[in-house]
Amino acid sequence: MRIDVVTIFPEYLEPLNVSLVGKARARGQLDVRLHELREHTTDVHRTVDDSPYGGGPGMVMKPEPWAAALDQVVASAGPGDGAVPTLVVPTPSGRLFTQELAQELAGRPWLAFAPARYEGIDRRVIEEAAERMPVVEVSIGDYVLAGGEVAVLVIVEAVARLLPGVLGNAESHRDDSFAPGRMADLLEGPVYTKPADWRGRGVPEVLVSGNHGKIARWRRDQAFARTLANRPDLVERWDRDGMDKHDLAALGALGVWWDEEAGRFLHTPVDVEQ
Ligand code: ADE
């Protein structure tokens, strides 16, 4: 996969040299290219922002440098990149980033990121880009960052680990929280490693029993309990057909039941621990 990032802070993206993403780059699985937005300015001050039309606080990123930078990225298409990149614009006003969107982006051969600083990029840049390439505006959560670079790191890491051959163990994302399948919309439960006794705390006995059926059952029960405690909003997405009688019994014990009329699982009020 090819990834281009246009930014005024290329150094903010240094972590792309480290760990999983860094190794994927070194192996040639990811071709990451950083571009300095200021190189596409034409004035001595290398200005990238200006005051907003209509007034209000903050500054808006000027269209000309962004357009010139994106033109250059698009013009550099190589064989195998795809004709145009999918432009990903991190913004708190975008579509929420989820595992599903990560999967969708992982299927594209070429992503270009346009992380903004200040109040955002002049809207016309996004509109004009959308006439030439797919554009997704993406929010990584309901909070406001000082700029989109951290969102780029989040999105690239989530996408990169889904690319074929990037994770060491091909099984590693099968049980991820939010992965499609039997564990969809369930948070992963707790995990343990050696030593078996640490500061007087043991490991749940079932995990050292060697009984794989029981271990799978325990993990699923833990996932139910953790999801109910931390993300009760996910409960209504659970699929009745994906639940066997053991699941339903475990859910019953947690105060979760299938409501035929509502067509979804309901639960007794959950105490949110502070
Ligand atoms: N830029 C500022 N806040 C953001 C957020 N929550 N997601 C993506 N980009 C952002």
Can you give me the Rg/Rh ratio for the chain, using Cα atoms for both radii and the Kirkwood formula for Rh?
1.06
Cα centroid separation - segment 91-112 against segment 218-274, whole Å:
28 Å
From Cα coordinates alone, what are the radius of gyration and Dmax values for segment 129-198 in angstrom?
17.1, 61
Sites Ala26 and Arg240 - FRET efficiency at Förster radius 45 Å, r taken between beta-carbons, to 0.05:
0.50
Among Glu205, Glu64, Glu188, which one moves the most in a GNM of the chain with springs linking Cα atoms closer than 10 Å?
Glu205
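With r as the distance between the Cβ atoms of Ala184 and Asp71 and R0 = 41 Å, compute the FRET efficiency 1/(1 + (r/R0)^6) and round to 0.05.
Working: r = 41 Å, r/R0 = 0.99.
Efficiency for this residue pair is about 0.50.
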Averaging sequence separations of C-alpha pairs under 8 Å and six or more residues apart, then dividing by the length of segment 183-274, give the relative contact order as a whole percent.
27 percent
Go ahead and run the numbers for FRET between Leu248 and Val208, Cβ-Cβ distance against an R0 of 25 Å, rounding to 0.05.
0.35
How far is helix 63-75 tilted, in degrees, relative to the longest principal axis of the Cα atoms in the chain, given as a value from 0 to 90 rounded to the nearest 10?
70 degrees
Can you tell me the relative contact order of segment 1-104? Whole percent, Cα pairs under 8 Å, sequence separation 6 or more.
22 percent
Partner lysines for Lys194 [C-alpha distance under 24 Å; skip if fewer than 8 residues away on the same chain]
Lys214
Among beta bridges that DSSP assigns inside the chain, antiparallel share in %, nearest 5
30 percent
Quick check: pseudo-label points 7 Å beyond the Cα along Cα→Cβ at Glu100 and Met59, how many nm apart are they?
3.9 nm
Give me the distance in nm between label points sitting 7 Å out from Cα along the Cα-to-Cβ direction at Glu261 and Glu39, one decimal.
6.5 nm
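Each value in this text was obtained by applying a stated rule to the coordinates, not by laboratory testing. The structure presented is a predicted model; accordingly, all values stated were derived computationally and were not measured. Cβ sites come from the backbone with ideal geometry, for glycine too, and all protein chains shown count toward neighbours.
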